[in-house]
Amino acid sequence: MNDVDKAFLELKEKVNFISEPISRQYGIRSVNFRDPAGNLIELYHEIPIE
């Protein structure tokens, strides 16, 4: 995944996201949703650790 924020904007009308994209302290930016079978899916890309 190159850009979680872009993917979120492109998919938000089609996918029921659990939350908006968030930067994690361990160096990723991620967003989560569930597929029709209930599986948790995470999209992420690496970011610099601050």
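The values are calculated or read from the model by the stated rules, or taken from the named source; none is laboratory data. Being a predicted model, the structure only gives us computed values, none of them experimental. Don't worry about glycine lacking a Cβ; one is built from the backbone with ideal geometry, like all the others, and counts go over all protein chains shown. What goes into the accessible areas is simple: the full protein's heavy atoms, side chains included, and nothing from ligands, DNA or RNA. Shrake-Rupley method; radii C 1.70, N 1.55, O 1.52, S 1.80 Å.
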| said: Could you check region 35-50 and list, in sequence order, the residues that are surrounded by 12 or more Cβ atoms within 10 Å (Cβ to Cβ) and within 17 Å of L11 (Cα to Cα)? | reply: I41, E42, L43, Y44, H45
| Members of region 1-22 found to be over 20 Å from P36 (Cβ atoms), touching a helix residue (DSSP H, G or I) at 6+ places or on another chain (Cβ under 7 Å) and either touching a residue at least 60 places away in the same chain (Cβ under 8 Å) or open to solvent by less than 100 Å² (accessible area, probe 1.4 Å) (or both), listed by number | P21
| Contacts under 8 angstrom Cβ, first residue in region 27-38 being within 19 Å of E50 (Cα to Cα), partner of a type in the set (S, T, Y) and at pLDDT 95 or above, 6 or more apart | I28/Y44; R29/S23; R29/Y44; S30/Y44
